[in-house]
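The values are calculated or read from the model by the stated rules, or taken from the named source; none is laboratory data. Note that the coordinates shown come from a computational prediction; the quantities given were computed from them, not determined experimentally. Here the Cβ is made from the backbone with ideal geometry for all residues, glycine too, and neighbour counts use every protein chain on show.
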Amino acid sequence: MCVVPASDDGVIRVSAVVLRDASGALLTVRKRGTSRFMFPGGKLEPGESAAQAAVRECAEELGVCLDVELLRELGVFRAAAANEDRREVEATVFEHPAVAIGDPAAEIEELRWLDPSTRPLPGDLAPLLAERVVPVLSHL
């Protein structure tokens with residue numbers, strides 16, 4: 001997920017995508033100039049659905065072509081924003097079948113695969129990922 005301007009209520013609203021490799025590891029990304037890893041994704045553009053935004057953002061950030069029809073919504077999650085003090089982020093999170101991942105693009109500085117069974121989780125994960133989404137994924 002990338003940091004985006006807040007909505008009128010101060011909440012940053014984004015779409016994010018869980019992508020796994022063949023071993024089940026989760027793809028995380030770190031935006032240039034930040035220290036927290038999160039799922040790829042970002043802010044919806046006017047007239048765009050959450051799913052359409054997820055597909056577009058993954059194309060921009062990772063150069064991958066996701067199929068909107070293959071996205072499975074995992075839920076809407078809210079937590080402290082990773083890169084905005086005293087802000088919250090609300091993300092519609094989708095899962096997509098595995099795709100080949102290339103090099104980071106756009107504002108993405110670094111890619112990292114995360115074994116979701118790792119405990120404790122790395123301390124540089126975005127709160128939304130660590131506190132909300134990974135616990136749900138471990139029960140799927």
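Before moving on, here are some points about what is shown:
- Every test in (1) buried (at least 18 other Cβ atoms within 10 Å of the Cβ); (2) over 18 Å from residue 136 (Cβ atoms) is passed by residue 40 save one, and that test is (2).
- Within region 4-90, strands (runs of 3 or more DSSP E) holding 1 or more residues that are of a type in the set (Gly, Ala, Ser) and touching a residue at least 40 places away in the same chain (Cβ under 8 Å): 11-19, 72-80
- One residue from 29, 18, 11, 76 being at pLDDT below 95 and under 15 Å from residue 128 (Cβ atoms): 11
- Unique residue being within 14 Å of residue 16 (Cβ to Cβ), touching a Pro at 6+ places or on another chain (Cβ under 8 Å) and acidic (Asp, Glu) when the list is 95, 61: 61
- Qualifying residue in region 59-74 (condition: buried (at least 18 other Cβ atoms within 10 Å of the Cβ) and over 17 Å from residue 101 (Cα atoms)): yes
- Residue within region 92-99 that is more than 14 Å from the chain's Cα centre (by Cα), outside any loop (DSSP other than H, G, I, E, B) and either touching a residue at least 24 places away in the same chain (Cβ under 8 Å) or surrounded by 14 or more Cβ atoms within 10 Å (Cβ to Cβ) (or both) present: no
- Residue in region 51-69 that is under 26 Å from residue 33 (Cα atoms), modelled with pLDDT under 95 and of a type in the set (A, V, I, L, M, F, W, C) present: no
- Total residues in region 20-41 satisfying the condition of being closer than 16 Å to residue 106 by Cβ and among the hydroxyl-bearing types (Ser, Thr, Tyr): the figure is 2.
- Residue 27 meets each of the listed conditions (1) more than 20 Å from residue 13 (Cβ to Cβ); (2) surrounded by fewer than 22 Cβ atoms within 10 Å (Cβ to Cβ); (3) under 13 Å from the mean Cα position of the chain (by Cα) apart from (2).
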